[in-house]
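Following: one structure in structure tokens, then a few remarks.
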């Protein structure tokens, strides 16, 4: 978005939406989010250890993976909402420009 001060002594400002730049940045964020992954440790790598520490570590790893999944879902939803809002702003700008 570009913000230009209005003419005259008032505090009016004109905000212009650079739709292409905003959508490109949102697509870049979505692409980077898709690349975000954390592979769980392979169970066969853990061997047959039945120590309290091992159980706690496995539980912690599962929690971390769930948090990451939840985070990705929230960010994806935010990106979708932002894209929808940008589209709505673009349509409003076009409607104002036509009238």
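The Rg/Rh ratio of segment 19-98, with both radii computed over alpha carbons and Rh defined as the Kirkwood radius, is 1.30.
By the beta-carbon count within 10 Å of each Cβ, the least crowded to most crowded order of 67, 79, fewest first, is 67, 79. Listing 97, 82 from fewest to most neighbouring C-beta atoms within 10 Å gives 97, 82. Length gained on full extension, residue 70 to residue 56, computed as 0.36 nm times the residue gap minus the Cα-Cα distance: 2.9 nm.
All of the numbers you see were taken from the coordinates with simple rules; none came from a lab. This is a predicted model, so every value here is computed, not measured. So basically every Cβ, Gly included, is an ideal-geometry build from the backbone, and we count neighbours across all protein chains shown.
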